[in-house]
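Below: one structure, written as structure tokens.
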Amino acid sequence: MNWDDVRFFIAVAREGSVTRAAEALGVNYTTVARRISALENRLNTRLFDRIANGHVMTAAASSVLDRALAMEKEMIALDRTVFGQDEKLSGKLRLATIDIAATYLVFPHFADFLQRYPDIELEISVSDAEVDISRREADIVLRMVEGEPPQDAIGVHVADVEFSIYGSTTYLATRPDLNTASTQILRWLLVPGQRELPALFRSDWITKIFPLARPGMRIDSMVVMLSALRHGFGICGLPRFVGDAEPKLAMVPNTLAEQKMSLWLLHHADLRKTSRVRVLRDFLRDCLLLQRGTR
């Protein structure tokens, strides 16, 4: 059986439509439809029924799916094994992280890395979404996590990240007492499909410090959140490596959170011998360990 045909079949099964599968795979609709048709002809059975808003698997497809997923798992493992033995300091390398880590922790150092390794082609994915390193959705992940990292990952604990409450210097200067109804607490907006926000990104710990303050705007972007803070729209909890780096913001005294989040560099165990994974991991580790702004 042609693995490419199976790969397209799995995508349609997961996404529920040929259109969405094409978007996920980065190809056009016709390519996916042609691959599905080829697989149906090879198996001599219909795999999907067309409905108003997509495609549903037939009974035959449901029986095929488990074996197709097992085949996918083996192909991914094979890909990791081959990539894991790659000793070249050239080629693509995918780093997944969140926007604040990229902006405040990674990019200040990356010019040096690219000068050292000009043949490594970096791809940086900035998202709050979970990244499955077993499927090689990324080669290295830099994340703030609660608890322990995945068991199939090799992890380097870089720092414990402290959180505190921040507002603009102007806003704080005009409000010597923040425990009033005039104080607004900016809150993070959970977007559809996003996992629950870590406790330190929610506002409940702030309301315990300032119980009379009222809820302010909900925002789903760090860039917009920082802009709102700079323009005096309220207060918000931030990692110290973000808040301390913003000249127009100031930390509210005596608001250091009791909890911390752990900053980890993660990659799959199969990639421990991949040279370009190793040099990026070690470079980031050394830079972040020296950069005590993470605190």
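Values quoted throughout were computed directly from the atomic coordinates according to the rules given, and no laboratory measurement underlies them. Owing to the predicted nature of the structure, the values given are computational and were not obtained by experimental measurement. No Cβ is skipped: glycine too gets one built from the backbone with ideal geometry, and neighbour counts run over all protein chains shown.
Helix content alone sets the calculated 222 nm mean residue ellipticity of the chain: runs of n ≥ 4 DSSP H residues at -39500 (n - 2.57) each, divided across all residues, give -11500 deg cm²/dmol. Rounded to the nearest angstrom and listed largest first, the equivalent-ellipsoid semi-axes of region 167-295 from its Cα gyration tensor are 33, 17, 13. Counting every C-alpha pair in region 3-84, the share spaced more than 17 angstrom apart comes to 45%. In this entry, the chain is assigned a mean projected area of 18.7 nm², taken as a quarter of its C-alpha convex hull surface. When peptides 49-56, 171-178, 159-166, 182-189 are ranked by their average number of other Cβ atoms within 10 Å per residue, the highest-first order is 159-166, 182-189, 171-178, 49-56.
Derived scalar couplings between HN and Hα for region 98-114 equal 9, 4, 5, 5, 4, 6, 9, 10, 8, 4, x, 10, 5, 4, 5, 5, 5 Hz in order, rounded to whole Hz, by the Karplus curve 6.51 cos²θ - 1.76 cosθ + 1.60 (θ = phi - 60°), x for Gly and Pro. Under 5 Å from the amide H of Ser125 lie the amide H atoms of Leu95, Ala96, Thr97, each residue being 5 or more positions distant or on a separate chain, with H modelled from the backbone and absent for Pro and chain starts. Take 233-241, 92-100 and order them by the average number of nearby Cβ atoms within 10 Å per residue, most first; the result is 233-241, 92-100.
Among DSSP beta bridges whose residues both lie in the chain, state the antiparallel percentage, nearest 5. Bridges in the chain are about 65 percent antiparallel.
Going by how many other beta carbons lie within 10 Å of each one, how would you line up Glu137, Glu15, fewest first?
Ranked by crowding around the Cβ, least crowded first: Glu137, Glu15.
Straight Cα distances below 19 angstrom link Lys208 to the aspartates and glutamates Glu162, Asp177, Glu258, with same-chain residues fewer than 8 positions distant left out.
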